[in-house]
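Below is one structure; the comments refer to it alone.
The values are calculated or read from the model by the stated rules, or taken from the named source; none is laboratory data. Since the structure is predicted, the reported quantities are computational estimates derived from the model, not experimental observations. Quick reminder, even Gly has a Cβ in these numbers, built from the backbone with ideal geometry, and neighbours come from all protein chains shown. These area figures cover heavy atoms from the full protein model, side chains too; ligands, DNA and RNA do not enter into them. Shrake-Rupley method; radii C 1.70, N 1.55, O 1.52, S 1.80 Å.
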Amino acid sequence: MIDLFRGWPVRSVATTVRLAAVVCLFFAATCGRSAEGIAPEPSETVRQIKVLPDQAPDCTSLKTIADSVTRGCKTNDQKAIAIYNFMQLSHYHRAYPNEPGGLPVLKEINVYGWSLCGGLHSEQSALWRELGWDWRFVGWDGHTTVEANYDGRWHYLDVFLKFYAWMPDSTAPGGRTIAGEDDLNRDPDTLIRKAFTLDSARRCVYANADSPASGGDSVNWRAPSFLGCGDELEGVISGLKTHHGRDRAPGWSGIDHATGKYSADVSLAAGFSLTNSWDPKEAAWFWADNNVAPGHTCPAYKDTRNDPGVGLVLEPYIKSKPARSYANGELRFDPDFSTDRVLKSFVSAKNVKHSKKSLIPIDDSKTAVVEFQLSSPYVLTKASGSATHEPELAEVSIDDGRSFKQIDFRDFSDSVKGHLSALVRLTFRQSLAHLRVQAVVQNNPGALPYLSPGKNIVNVSVADPKALGDNKLVVTYAYQLGSRSKSSEQLVEKDEEIARQLHANWQDATTYAQKTFAAKDLPATFEIDCPTPKGQYPVYPRMLFVRREVLSPTSSPLPLPSGAVAAVVHPNEELASLPNPFLIGTEPPPAGKPRQTKTMRISLGDSEYISSKIEAGNSGILRWPKNAGEAASVVPSAVIVDGQLANLPSKKKIVAARLCVPIGAAHDKAAAQLGAALLKKPLEKASPLDINSLNDIAGMVVLPKQPTDAAEYKPAKIFAIDVTRAIKGIASGEEKFHGFALRIVPNRSVDDGWTVRCRVAPNDKVYLELDVDRD
């Protein structure tokens with residue numbers, strides 16, 4: 001400014017002040033214009049407003065994500081799992097959310113939160129890159145995977161299938177490391193088949209070394225679950241066999257590592273607020289070139305409700321959404337017209353002055369024009385405005401002021417949808433004493449700064465506190481507290497899903513925490529306590545919204561939800577917490593005290609072959625139609641095994657139960673999956689099979705393809721089906737035993753689409769084998 005006046009003739013102080021004011025108005029009207037690609041903004045914008053609880057991920061950059069989710073990790077394997085867990089929290093399966101010209105990973109994480117395999121693995125590898133690791137994309141038939149290179153070898157973590165596996169490594173901490181695809185392909189039997197078990201009741205897979213039952217006498221409730229969307233171990237093995245090509249690309253399928261011009265920073269001028277919510281608004285989503293609302297095709301949080309880490313973070317929302325989906329927030333402009341400072345909230349003002357708490361034309365023979373910017377890290381999906389008087393002309397620019405389009409100010413959603421920023425221009429003649437603009441934005445709820453049970457230390461900062469001036473920054477959290485009447489150990493002990501809102505409730509009342517900061521206060525921290533009633537167990541709060549407002553000295557914050565109560569810890573409450581969700585799976589399972597067991601054998605009754613036709617006997621080929629088209633040509637059949645289980649040990653003493661089935665022959669073209677279903681009622685002899693009664697599969701085993709050098713097994717080969725949960729239910733009296741039905745369970749990942757068959761040896765007995773406590 002001094003250089004600007006240099007060489008001017010000396011004038012009075014008053015004249016100089018008037019000249020300075022003219023120059024300031026000129027700068028206000030023109031310097032808000034930006035270079036191409038950078039949104040214009042008011043001169044007193046408060047930049048990089050960050051509100052971050054200490055236990056939540058920091059999603060303002062790829063670097064801050066990688067650093068925040070791996071805090072506390074001691075090894076690279078732990079860091080890889082922490083990033084894997086973050087991806088489970090922040091993403092679900094859906095088609096690619098591509099944008100013309102490519103979509104930066106950072107934007108995808110903050111705005112969308114869904115993709116298919118290549119996109120998810122592009123995001124995962126972008127976070128690996130921030131840790132200094134190399135990566136490579138590896139193709140399977142119909143699937144794109146990615147591997148990380150650290151500690152001198154490759155490691156495979158699949159955030160789409162939800163799977164990784166450990167392998168022995170004497171050079172790694174704890175003597176193990178996460179296996180790579182080549183490692184798994186060399187020995188799938190040891191590293192996958194024998195290392196994992198399907199939990200048919202929970203419909204997920206656990207590592208045998210880190211399962212709910214691996215803790216000995218204690219319950220290992222922190223055991224990570226795998227393949228939660230329904231994929232299967234044999235499918236992983238068959239997919240690995242097809243892997244091909246290794247490509248170190250900087251992104252995949254239009255989702256790019258490079259952040260480019262995108263910024264996740266929140267910047268607001270006075271009169272603006274940004275509210276991010278964990279809930280969707282109806283028809284307020286954006287997905288380029290798609291007419292279907294984004295959402296996970298697996299209903300009821302199937303993928304996370306057995307997850308003892310991020311599944312618990314997502315648990316509070318199960319009943320409010322049928323499946324994981326998008327969420328919305330609101331960018332609001334509600335300037336304070338009480339003083340002439342209101343002009344600083346606009347990008348530019350032409351022929352405008354402040355008078356009597358309103359804006360009016362300086363020259364009333366001409367129109368007045370103001371421009372303001374709607375801008376945030378989240379795409380706009382809807383927008384509407386109101387003013388004291390309908391403006392003579394309302395226009396919007398989505399190219400930072402280079403061109404404008406006329407709009408209906410009452411609803412200009414179609415003009416801004418899908419854009420991160422929009423410059424709005426209003427032309428008026430009458431006074432402007434009220435202006436309110438409400439823009440709905442789309443945000444990924446899995447990337448928002450959530451609160452955790454217990455004590456939360458919330459960090460608040462801005463790029464330059466002086467930019468706040470005499471204004472104030474108000475931060476508000478709104479949420480609903482909850483608790484559980486049973487512990488995690490009790491849930492697992494009863495074979496219940498750990499993150500499905502079982503025995504848990506959340507309050508209807510809204511709790512809020514609100515803090516106001518002046519420039520001198522920043523940066524700052526404040527605490528939000530999320531207590532649990534004594535005698536209950538902690539759950540994550542159900543987050544409603546986090547809001548930041550930049551207010552003039554005379555303005556008040558936006559209203560709180562009706563009936564909201566301030567956060568406080570009552571005498572009958574305590575600050576109980578849960579483990580860091582990103583570290584679940586990073587530590588070896590608790591060793592526990594090994595259980596001393598003995599094995600006992602229980603004889604069952606005779607077996608009877610039966611089909612859906614009226615035919616019975618003690619032998620026959622088991623088949624099952626793999627689809628409706630085979631219903632007429634493939635007759636479903638089963639082998640029924642009955643008997644008495646009256647003198648079982650107690651449920652607590654039963655460690656494992658196996659149904660041992662003698663197989664005389666399997667299929668000669670492909671492996672087959674044999675299942676054991678519990679009969680719901682006694683079956684009458686020589687009666688036709690009701691195929692709909694055999695869908696409750698208690699356990700399964702894979703029968704390998706029959707050896708080419710033998711038409712049958714001589715003697716019969718015993719295959720064991722894990723039926724532990726079913727037998728425990730019978731031992732406790734929760735179930736009655738009416739017999740087992742052995743049947744083929746079609747599974748393309750096992751049988752390669754063949755209509756497979758097997759034969760239970762007719763002259764050998766099916767029996768039950770129990771491992772029970774010696775004590």
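Rolling a 1.4 Å probe across the protein heavy atoms gives segment 380-445 an accessible surface of 42 Å² per residue. Normalising the Debye intensity of segment 156-261 to I(0), with uniform scatterers on Cα atoms only, and taking log10 at q = 0.11, 0.17 Å⁻¹ returns -0.43, -0.90. Among the trypsin sites (Lys or Arg not before Pro) found in segment 635-675, those both in a DSSP coil and sparsely packed, with 14 or fewer other Cβ atoms within 10 Å of their Cβ, are Lys652, Lys669.
For Arg176, the amide hydrogen comes within under 5 Å of the amide hydrogens of Asp169, counting only partners 5 or more places away or on other chains and with H modelled in the peptide plane.
Remark: for residue pairs Lys281/Lys486; Lys50/Lys382; Lys261/Lys321; Lys486/Lys652; Lys302/Lys494, the C-alpha separation exceeds 27 Å in Lys281/Lys486; Lys261/Lys321.
Rolling a 1.4 Å sphere over the protein heavy atoms, what is the accessible area per residue of segment 623-752, to the nearest Å²?
Numbers: 6230 Å² over 130 residues.
About 48 Å² of surface per residue is accessible.
Of the peptides 740-749, 629-638, the ranking by mean beta-carbon count within 10 Å, highest at the top, reads 740-749, 629-638.
Computed over the alpha-carbon pairs of segment 250-382, the distance histogram in 5 Å steps reads 2, 8, 12, 13, 13, 14, 12, 8, 7, 6, 4, 2, 1, 0 percent, short to long.
Expressed as a whole number of Å, what is the distance separating the alpha-carbon centroids of segment 684-740 and segment 387-464? Value for the Cα centre distance between the two parts: 61 Å.
Just to confirm, what accessible area per residue do you get for segment 181-250 at 1.4 Å probe, in whole Å²?
Ligands and nucleic acids excluded, the result is 45 Å² per residue.
Taken along its principal axes, the alpha carbon cloud of the chain reaches lengths of 116, 58, 54 Å, longest axis first. With contacts defined as alpha carbon pairs under 8 Å and 6 or more residues apart, what's the relative contact order of segment 649-775 in percent? About 48 percent, as a whole number. Element breakdown for segment 355-421 at a 1.4 angstrom probe: carbon and sulfur atoms account for 44% of the accessible area. Summarising the overall dimensions of segment 311-434 from its C-alpha atoms, the Rg and Dmax are 17.9, 63 angstrom. Could you look at segment 254-351 and say what percent of its accessible area is carbon and sulfur, using a 1.4 Å probe and all protein chains? Of the solvent-accessible surface of segment 254-351, carbon and sulfur hold 50 percent. The spacing between segment 159-233 and segment 272-344, judged by their C-alpha centroids, is 33 Å.
Computed over segment 424-570, relative contact order equals 37 percent, with contacts defined as Cα pairs under 8 Å that lie 6+ residues apart. Rg and Dmax of segment 620-775, both derived from C-alpha coordinates alone, stand at 16.0, 54 Å. Take every Cα pair under 8 Å whose residues are at least 6 apart in sequence, average their separation, divide by the length of the chain, and the relative contact order is 14 percent.
Restricting segment 223-308 to GluC sites (Glu not before Pro) that sit in a DSSP loop and have at most 12 other Cβ atoms within 10 Å of their own Cβ leaves Glu282.
In µm²/s, what is D for segment 642-721 at 25 °C and 0.890 mPa s, where D = kT/(6 pi eta Rh) by Stokes-Einstein and Rh is the Kirkwood radius from Cα pairs?
The calculation lands on 161 µm²/s.
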